[in-house]
Amino acid sequence: MAEALLSVRHLEKAYQKNVILTDINFDVHKGEVVALLGRSGSGKSTLIRTLNGLEPFQKGELRFAGEVVQPKAATWLQLRQKIGMVFQSYDLFPNLTVLDNICLAPTKVAKRARAEVEPEAQSLLASVGLAEFADRYPRQLSGGQKQRVAIVRALAMHPEMMLFDEVTASLDPEMVRGVLDMMVDLAKQDMTMIVVTHEMNFARQVADRVLFLDDGTITADTPAEAFFTAPPTASAKEFLASMNF
Amino acid sequence: MAHSGIDILFQGQNFHRFLQGFGVTLRVAVITLLIGGVLGIVLGALRTLHNRPLQVILRLYLEIFRIVPTVVLLFVVYYIVPQLFHLDMSGELVAIVTFALWTGAEMSDIVRGALIAVPQHQVESAQALGLNRLQQLRYVLLPQALPVALPGTINLATRIIKTTSLLLMISVMDIVNVGQTLVEANSHQHPAFAFWVYGIMFIMYYILCAPLSWWAKRIEKQRLERSNG
Amino acid sequence: MDWTVIAQSLPQFTAAFWLTLKLSAIGILGSLVVGALVSLAQYFRLPGLRQLAMVYIEISRNTPLLVQLFFIYYGLPGLGLKLSATVSGVFGLIFLGGSYMAEAFTSGYNAISKGQLESGRALGLTNRQLARYVVVPQGLAASVPALAANVIFLIKETSIFTVIAIPELTNTALDLIGLYYRSNEYLFVLVVAYAIILIPLSVGLTWLERRVRYGTFGN
């Protein structure tokens, strides 16, 4: 098997004396979609946030594309250009138009020419049906539209991997589908993705593998279909039942 | 009352001197606002960093300038700084240094408040896009914080203008000092002259400050309406 | 720094210290009374008085105390109204402080949410009852931080009394400097004197703010 794009070994994280994550081990291969599932408070958001350095960790090792990630500010800045992330609360910058939100990082961080970035941003927007919103401000958009722009904003950096942290959790039900469809399309284009979600149907549809988190440790790492048809642990079974699945 | 003294203000060089004093007042206020404003933005941004010794120092600076009355600060700079650094400073320079340091302290608090009012999520999502600290400040934090800081800054500007009335105390020929000189020269013959001079001074300060106060109030109201809507 | 110079000046500074405190206390109390009346005239939209209150706040807030004092002390005698320096000072301070206190009260009243007023009305409370049980207790609690800031502000403003030669702290220090040319010593005592008044007061007021918020809102 080819080398993993991302591999995590013995990762441990604590806040003061509270241990949040213990002995986390997993690999993500290129083109793979991994769903990170677990009850609220199990540590899934914390875990996904440690992967691009938004949360520091105390022990263990992270490798990206074969290289050990030194947990230093400069390394994280580099890595964040290769790992895109989208949050529950969209977090478009309210002071910038949709187009400027998308062009900001490619021009200022990746130092690409605006003339080159802008047409690409326009076509990305068009591909998700938001072409006419380019010059609007975030407050003029619905939640679902904002979230799709946030995904486009991350994609404009040409990331090698995408992290999604509960991206549909604060959307109205009728908005959820559009955002999920966008992620399904990304998966079909072989984007490597780690997805924290509580949309079980979606996870089953899109994920290749499921990591199940219990109290800060991974208690199951199985192919997605197997996880849903035959939950590997009692805890996973209970979890699926609680999600009406 | 008709010839009780207001006409003296328009005799000879009197009104011209009055306007010159007004010019000094304005000049000191504008320079103070510029220097103090820049100082305050820098210090305010520094106060959002998680650096303990720096926080203590900047907080101390703010508190000292808050506790000690501005008049006293003015005299401290007036007497102590030339002695300490063997500098010969004009009264106007003493005033600008004092007022700018005071403005910087007040402004740093306004800027810090506005910066920490920007949601943490905004910072994180800028980080996730790979923006470095300076870029986060430049493209995400400051553009969102400055509108929040604007009403407070305008109000600070009116306070600076009012504070310039202290110039008189260190013998700078500002509008108040010119007025007082005119009064001293003329009020023996015309007791009501003082009433007119100080009345006009009153009005001139009002004309400078009131529009700024209205402006601050209006944009603060608009901002609140927008954030509630 | 010559400590004997400081020691010799202490009796004068002590007298000035008490005078500063006394004038501040009168000025603050007067400002609170004026501020409460003005803010109520505005809140209940009393015809005539409300406009008067607005004009007063406008003028008071947009002019410096120093000019207000000169106008009262030097300008008014031209109209035949002659006041002593001390009375002029206190009047000036109340004229200034009244508008600041009024704005503090008003912002407190405005902080009460519409929902509070509506649910009070829905329960059948009259306007008087609403004022008594909802508006005043919540509004006062909400205005405490601004009122406290004004107290500190007004005490500091008494330093401007020096321009009409009231022998408070700043005036005393400047007089002594003029007489004996010992600026370091006298400015040191002056700063310490203000610190003795203002540091405990600002700590105490912060404590009070917390108490009031806890007592009223439980957080």
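The values are calculated or read from the model by the stated rules, or taken from the named source; none is laboratory data. Keep in mind the model is a prediction, meaning the values are calculated, not measured. In this analysis, Cβ positions are derived from the backbone assuming ideal geometry, glycine residues included, and neighbour counts consider all displayed protein chains.
The table below gives the values:
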{"item": "Only one of B:Val38, B:Val28 that is surrounded by 15 or more Cβ atoms within 10 Å (Cβ to Cβ) and within 29 Å of B:Tyr205 (Cα to Cα)", "result": "B:Val28"}
{"item": "All positions within the range B:46-70 that are touching a Leu at 6+ places or on another chain (Cβ under 8 Å), more than 30 Å from C:Asn184 (Cα to Cα) and in a helix (DSSP H, G or I)", "result": "B:Leu46"}
{"item": "Which listed residue is within 14 Å of chain C (Cβ to nearest Cβ) and part of a helix (DSSP H, G or I), from B:Leu73, B:Leu39, B:Leu43, B:Leu19", "result": "B:Leu73"}
{"item": "Some residue of the range B:222-229 being under 25 Å from C:Arg61 (Cα atoms), more than 22 Å from the chain's Cα centre (by Cα) and within 11 Å of another protein chain (Cβ to nearest Cβ)", "result": "yes"}
{"item": "The range A:1-42, subset assigned to a strand (DSSP E or B) and of a type in the set (Gly, Ala, Ser), residue surrounded by the fewest Cβ atoms within 10 Å (Cβ to Cβ)", "result": "A:Ala14"}
{"item": "In the range C:175-194, the residues that are at pLDDT 95 or above and among the small types (Gly, Ala, Ser)", "result": "C:Ala193"}
{"item": "Residue within the range B:137-145 that is over 16 Å from the mean Cα position of the chain (by Cα), more than 14 Å from chain C (Cβ to nearest Cβ), of a type in the set (Val, Ile, Thr) and in a helix (DSSP H, G or I) present", "result": "yes"}
{"item": "Answer residue from the range B:121-136, given it is buried (at least 19 other Cβ atoms within 10 Å of the Cβ) and hydrophobic (A, V, I, L, M, F, W, C) and is farthest from the other protein chains (Cβ to nearest Cβ) among those", "result": "B:Val123"}
{"item": "Set C:Leu29, C:Leu23, C:Leu19: member being in a helix (DSSP H, G or I), more than 14 Å from chain B (Cβ to nearest Cβ) and within 29 Å of B:Leu156 (Cβ to Cβ)", "result": "C:Leu29"}
{"item": "Flag for B:Ile8 being within 23 Å of the chain's Cα centre (by Cα) and outside any loop (DSSP other than H, G, I, E, B)", "result": "no"}
{"item": "Residue under evaluation A:Arg80, criteria (1) without any contact (Cβ under 8 Å) to a residue 24 or more places away in the chain; (2) buried (at least 22 other Cβ atoms within 10 Å of the Cβ), criterion not met", "result": "(1)"}
{"item": "Residue among C:Arg45, C:Arg50 that is among the charged types (D, E, K, R), over 16 Å from the mean Cα position of the chain (by Cα), part of a loop (DSSP other than H, G, I, E, B) and over 17 Å from C:Ile166 (Cβ atoms)", "result": "C:Arg45"}
{"item": "Candidates B:Leu212, B:Leu150 - the one that is more than 9 Å from chain C (Cβ to nearest Cβ), under 30 Å from B:Arg66 (Cα atoms) and not aromatic (Phe, Trp, Tyr)", "result": "B:Leu150"}
{"item": "Unique match (being of a type outside the set (Ser, Thr, Tyr), more than 13 Å from every other protein chain (Cβ to nearest Cβ), buried (at least 18 other Cβ atoms within 10 Å of the Cβ) and touching an Asp or Glu at 6+ places or on another chain (Cβ under 9 Å)) among A:Leu99, A:Leu141", "result": "A:Leu99"}
{"item": "Selected residue [within 12 Å of chain C (Cβ to nearest Cβ), touching a residue at least 60 places away in the same chain (Cβ under 8 Å) and at negative phi] from B:Ile219, B:Ile161, B:Ile203", "result": "B:Ile161"}
{"item": "Per-region count, the range C:53-87, residues part of a helix (DSSP H, G or I), more than 14 Å from chain B (Cβ to nearest Cβ) and not aliphatic (A, V, I, L, M)", "result": "1"}
{"item": "Options C:Gly115, C:Gly108; residue that is surrounded by 20 or more Cβ atoms within 10 Å (Cβ to Cβ) and assigned to a helix (DSSP H, G or I)", "result": "C:Gly108"}
{"item": "Matching residues in the range C:66-86 - criterion: being closer than 22 Å to C:Ala16 by Cα, surrounded by fewer than 24 Cβ atoms within 10 Å (Cβ to Cβ) and touching a helix residue (DSSP H, G or I) at 6+ places or on another chain (Cβ under 6 Å)", "result": "C:Ala85"}
{"item": "Subset of the range B:46-64 that is within 14 Å of chain C (Cβ to nearest Cβ), out of contact with any Ser or Thr (no Cβ under 9 Å at 6 or more places or on another chain) and among the hydrophobic types (A, V, I, L, M, F, W, C) - its residue that is farthest from C:Ala149 (Cα to Cα)", "result": "B:Leu60"}
{"item": "Residue that is surrounded by the fewest Cβ atoms within 10 Å (Cβ to Cβ), among those in the range C:159-202 that are assigned to a helix (DSSP H, G or I) and among the acidic types (Asp, Glu)", "result": "C:Asp175"}
{"item": "Where a residue in the range A:85-103 is part of a loop (DSSP other than H, G, I, E, B) and its partner, wherever it lies, is of a type in the set (Phe, Trp, Tyr), with Cβ under 8 Å and at least six apart", "result": "A:Phe93/B:Tyr139; A:Pro94/A:Tyr137; A:Leu96/A:Tyr137; A:Leu96/B:Tyr139; A:Thr97/A:Tyr137"}
